[in-house]
Amino acid sequence: MRVSFHTLGCKVNQYETQALEQLFAARGHMLVPFEGEADVYIINSCTVTAVSDKKSRQAVRQVRKRAPNAVVALCGCYPQTHPGDVEGLPVDIVAGTGDRVKFVELAEQVWMERQPITALDNALKRRIFEPLPAGGLEGRTRAMLKVEDGCVNFCTYCIIPYARGPVRSLPLADAAAQAAGLAAEGYKELVLTGIEISSWGHDLRDGTSLIDLVEAVCAAAPDCRVRLGSLEPRTITEEFCQRAAKLDNLCPHFHLSMQSGCDATLKRMNRKYDTARFFESVGLLWKHFQNPVPAITTDMIVGFPGETDEEFEESLDFIHRCAFAAMHIFPYSRRPGTPAASMPGQVPKAVKEERARRAAEAAARMERRYLEQWDKVEVLFEEERDGLWRGHTTRYSEVRVRSGENLHNQLRRVQVTGVGEGYLEGEIILEKQ
Ligand code: SF4
């Protein structure tokens, strides 16, 4: 079969597509670009917002139109949470976020027998982590390593717990083995990813927690940088920081999911911390990662239902106190099926957009101030575009240099020469032989 993928959504979805590609390839199937001709087209969907649902449906209709006789499969979070919505779509296979390995057989069966199949389980009943092949296709420098699935936090704006089920963790020894395997394949950076990695280990009931996993992965791949995916503030404790600061190959970049800088808003979001606890986490990272500073990045939702002008101003003040290295700003998107969607005080679109503009302006100022402090940095180069090689520092700052060398997957020291819009400009430091 010629198989092609179109993936929407988060790192976990991207990871699962990469894993499925490897499984199809391992069974002798050919991977082809989604724009090209294929026998099986797979849309790995997202449902984080109503817009992602719409994009998933559009992708199905577009491919069906140009490939009327091919097998079209819709899998992932959208059908998992909205089985009724997808019934009318012109697809041959409907599958969810579970049993990814079995999905390969389903595709082969439908291709041969041409009988449509729907394979959806109840995500909330899942208990075991489904291990999938790690890494990615050729030519990648950074490999994602999925170590956790599911979430039980039930933030009021989020549908993911219904799409992904309860917390399931990849056992520590398996994670260490996968990390060593990826290092042996030549990856220079591993990103520990999951739906909510701060909950890693909760289901294992053996007293282990995320820091145990991080230590094991860093030890298993000592020549790789290890980067953490998005974290919840509760993870950042004195003990976590003391142990993490001893890990030479752990990137001092912490994406701490904030969402709001106002306690009243955090309460309506059902987030599990207040601004004092969040700021304590920031303080602990500054205290333990002082060589020179950590990169603390975050996500912020503006215009959450009930957010008054005063609450928004409070949030704005708070983000300045945290001096983030970078921020992702999201105007609240009403997601049917979540408690927040029916909350009173829905904020008008224009107000949301104005708040997003002001928060983004503040974020850009903080980011520039953060970037301006760098003199020499070590960069893992990934790709060349328009004659410029691009890569990232351990603190996830993007760096661009002009060079005639092939810098792909190279770790090189760079002399910073300037600051662009969200990135550093520099020159390769020629090391004395
Ligand atoms: S922590 Fe909250 S926002 Fe994140 S996946 Fe879980 S429920 Fe969704």
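The values are calculated or read from the model by the stated rules, or taken from the named source; none is laboratory data. Computed from a predicted model, the values in this text were never measured in an experiment. All Cβ positions, even for glycine, are placed from backbone atoms using ideal geometry, and neighbour counts span all protein chains on display. Areas reflect the complete protein model, heavy atoms only, side chains present, ligands, DNA and RNA absent. Shrake-Rupley method; radii C 1.70, N 1.55, O 1.52, S 1.80 Å.
How many of the residues in region 265-278 are under 23 Å from the mean Cα position of the chain (by Cα) and more than 11 Å from T156 (Cα to Cα)?
Kept after step one, since they are under 23 Å from the mean Cα position of the chain (by Cα), are these residues of region 265-278: 266, 269-273, 278.
So of that shortlist, the ones also more than 11 Å from T156 (Cα to Cα) come out as 272-273, 278.
Looking only at that region, the number is 3.
Every residue in region 173-213 that is within 16 Å of the ligand (Cβ to nearest atom), in contact with a Gly (Cβ under 9 Å, 6 or more places away or on another chain) and part of a helix (DSSP H, G or I), please. Within region 173-213, I197, S199, L210 meet the criteria. The number of residues in region 258-279 that are within 16 Å of the ligand (Cβ to nearest atom), open to solvent by 10 Å² or more (accessible area, probe 1.4 Å) and either without any contact (Cβ under 8 Å) to a residue 12 or more places away in the chain or not aromatic (F, W, Y) (or both) comes to 8. Here S52, S56 are screened, and the one residue that is in contact (Cβ under 8 Å) with a residue 24 or more places away in the chain and crowded, with 23+ Cβ neighbours inside 10 Å is S56.
Only one entry in L250, L256, L190 is within 28 Å of E314 (Cβ to Cβ) and at pLDDT 95 or above, namely L256.
Of all residues in region 150-163, those that are in contact (Cβ under 8 Å) with a residue 40 or more places away in the chain and open to solvent by 10 Å² or more (accessible area, probe 1.4 Å) have Cβ atoms under 8 Å from Cβ atoms of residues that are near the ligand (Cβ under 7 Å from one of its atoms) and not in a loop (DSSP other than H, G, I, E, B), 6 or more apart or on another chain, in C151/I160; C151/P161; V152/P161; N153/P161; F154/P161.
Looking at region 391-407, which of its residues are surrounded by 14 or more Cβ atoms within 10 Å (Cβ to Cβ) and part of a loop (DSSP other than H, G, I, E, B)?
Of all residues in region 391-407, those surrounded by 14 or more Cβ atoms within 10 Å (Cβ to Cβ) come to 391-401, 403, 407.
Passing the criteria: T393, T394, R395, Y396, S397, S403, L407.
From the list A219, A180, A244, A176, pick out the single residue that is in contact (Cβ under 8 Å) with a residue 40 or more places away in the chain and within 21 Å of F324 (Cα to Cα).
Details: A219 fails: within 21 Å of F324 (Cα to Cα); A180 fails: within 21 Å of F324 (Cα to Cα); A176 fails: within 21 Å of F324 (Cα to Cα).
Of the residues listed, the single one that is in contact (Cβ under 8 Å) with a residue 40 or more places away in the chain and within 21 Å of F324 (Cα to Cα) is A244.
Quick test for you: out of P83, P116, pick the one residue that is over 20 Å from the mean Cα position of the chain (by Cα), open to solvent by 10 Å² or more (accessible area, probe 1.4 Å), within 30 Å of P305 (Cβ to Cβ) and in contact (Cβ under 8 Å) with a residue 24 or more places away in the chain.
Values: P116 fails: within 30 Å of P305 (Cβ to Cβ).
When all the criteria are applied, what remains is P83.
Examine region 314-336 for a residue that is part of a helix (DSSP H, G or I) and under 19 Å from H253 (Cβ atoms), and state whether such a residue exists.
Quick first cut of region 314-336, residues part of a helix (DSSP H, G or I) only: 314-322.
Remaining after also requiring under 19 Å from H253 (Cβ atoms): 319, 322.
Within region 314-336, one or more residues are part of a helix (DSSP H, G or I) and under 19 Å from H253 (Cβ atoms).
Among the candidates E372, E421, E382, E361, single out the residue that is charged (D, E, K, R), open to solvent by less than 80 Å² (accessible area, probe 1.4 Å) and within 28 Å of F330 (Cβ to Cβ). Walk me through it before giving the result.
Details: E372 fails: open to solvent by less than 80 Å² (accessible area, probe 1.4 Å); E421 fails: open to solvent by less than 80 Å² (accessible area, probe 1.4 Å); E361 fails: open to solvent by less than 80 Å² (accessible area, probe 1.4 Å).
The unique qualifying residue is E382.
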